[in-house]
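Enquirer: Structure in structure tokens, see below.
The values are calculated or read from the model by the stated rules, or taken from the named source; none is laboratory data. Worth saying up front: this structure is predicted, and the values here are computed from it rather than measured. Cβ coordinates were reconstructed from backbone atoms using ideal geometry, including for glycine residues, and neighbour counts include every protein chain displayed. Surface areas here come from the heavy atoms of the whole protein model, side chains and all, with no ligands, DNA or RNA. Shrake-Rupley method; radii C 1.70, N 1.55, O 1.52, S 1.80 Å.
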Amino acid sequence: MNDRIRNLADLDRLIHEPGRLAIVSLLSVVEEADFLYLMNETGLTKGNLSSHLSKLETGGYVKIEKTYRGKIPMTICSLTQAGHVAFKRYRSALKASL
Amino acid sequence: MNQSVDQFTRAPQHYELLDGTSEMVLGLGCLLFSASMWLGTEFTVTWQWLAAMLGGCGLLWFISTFGTRYIRGKLVYTRSGYMKTRRQPWKPVLLAASACAIAVIASIVLSQTPQSKIPLLVSLAISAAFLAASLIKGVRRFAVYAVLSSAWGVLVYLMKLSMSAGMTRYYLLLGITLILAGVWTLRSYVRHTPQHNPEAE
């Protein structure tokens, strides 16, 4: 198999989905962000965002923390070290295959 | 959601400048600088003068840190969400090195320039910085500030003032412009972005 095609086949499927790629891209450049920020920037619906975040959390790429600002509930998300490594690897694999 | 990965990774930079608080802080800095130039020409430099300047710097730091945090906590994070940019350890070093390099270049250039032209030259340099920020950060209103900065520089030059009087007036005009622009930006952000209704996330 051609190396470039093999690179494509090896892409991380957990990150490759457009919604999750948007979330991981955003979280890769911030220390932490809340649910509302991610929803506004990605344009995903609450349900979609929630589902993608759960998958990323299960995969160990995202850390989710439920907290409060005053009386307002907040969901704070951040990319884990494994998430940063996976995103870096995903970007270089994608660049190599194009 | 047709944005590229690069657009997503640049989004936080843009978000930081969304509410106009950065302009307000810059504007206050300009007013403080203008006041220090004015006090320096009108009165002899005494320890009270130095203490007042130090107090002004402290007040500027307090407003830029806690004032910005308060405005964002009350108005921005409740509307379009909260995010905290990642601290890059090399950034303060790079900023300090750039500031030193600019100060050295500026002192060489300004020493060879007629005193009356210094405010004009400073205004053009600040315009260039605003223009660069507009292009790098993708914030169009910074290009307007670049035009206004040049306009104030030309105006002060045409008034044929001494260097310190010219600088005082230039920074005063720029400071007022930036504060008004910041307030207008914040007002328009608040008007156009409805408060988020928190439900189950």
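Enquirer: Which one of these is modelled with pLDDT under 85 and either within 14 Å of another protein chain (Cβ to nearest Cβ) or touching an Asp or Glu at 6+ places or on another chain (Cβ under 9 Å) (or both): B:Gln48, B:Gln7?
Expert: Working: B:Gln48 fails: either within 14 Å of another protein chain (Cβ to nearest Cβ) or touching an Asp or Glu at 6+ places or on another chain (Cβ under 9 Å) (or both).
Just a single option satisfies the conditions, and that option is B:Gln7.
Enquirer: Which pairs do you get when a residue that is away from chain B (no Cβ under 13 Å), found in segment A:5-31, comes within reach of a residue that is hydroxyl-bearing (Ser, Thr, Tyr), reach meaning Cβ atoms under 6 angstrom, with the pair 6+ apart or on two chains?
Expert: Note: pairs meeting the criteria are A:Asn7/A:Ser97; A:Leu8/A:Ser97; A:Asp12/A:Tyr90.
Enquirer: Follow-up. Please specify each residue of segment A:63-98 satisfying the condition of being in contact with a Gly (Cβ under 9 Å, 6 or more places away or on another chain) and buried (at least 16 other Cβ atoms within 10 Å of the Cβ).
Expert: A:Lys63, A:Thr80, A:Gly83, A:Ala86
Enquirer: Anything in segment B:73-92 that is part of a helix (DSSP H, G or I) and either in contact with a Lys or Arg (Cβ under 8 Å, 6 or more places away or on another chain) or modelled with pLDDT of 85 or more (or both)? List them, or say none.
Expert: Selection gives B:Gly73, B:Lys74, B:Leu75, B:Val76, B:Tyr77, B:Thr78, B:Arg79, B:Ser80.
Enquirer: Do we have A:Tyr37 as crowded, with 16+ Cβ neighbours inside 10 Å, at the interface with chain B (Cβ under 10 Å from one of its Cβ atoms), part of a helix (DSSP H, G or I) and without any contact (Cβ under 8 Å) to a residue 40 or more places away in the chain here?
Expert: Yes.
Enquirer: Further question: Given the structure, is B:Leu95 open to solvent by 60 Å² or more (accessible area, probe 1.4 Å) and either assigned to a loop (DSSP other than H, G, I, E, B) or closer than 30 Å to B:Tyr15 by Cβ (or both)?
Expert: Yes.
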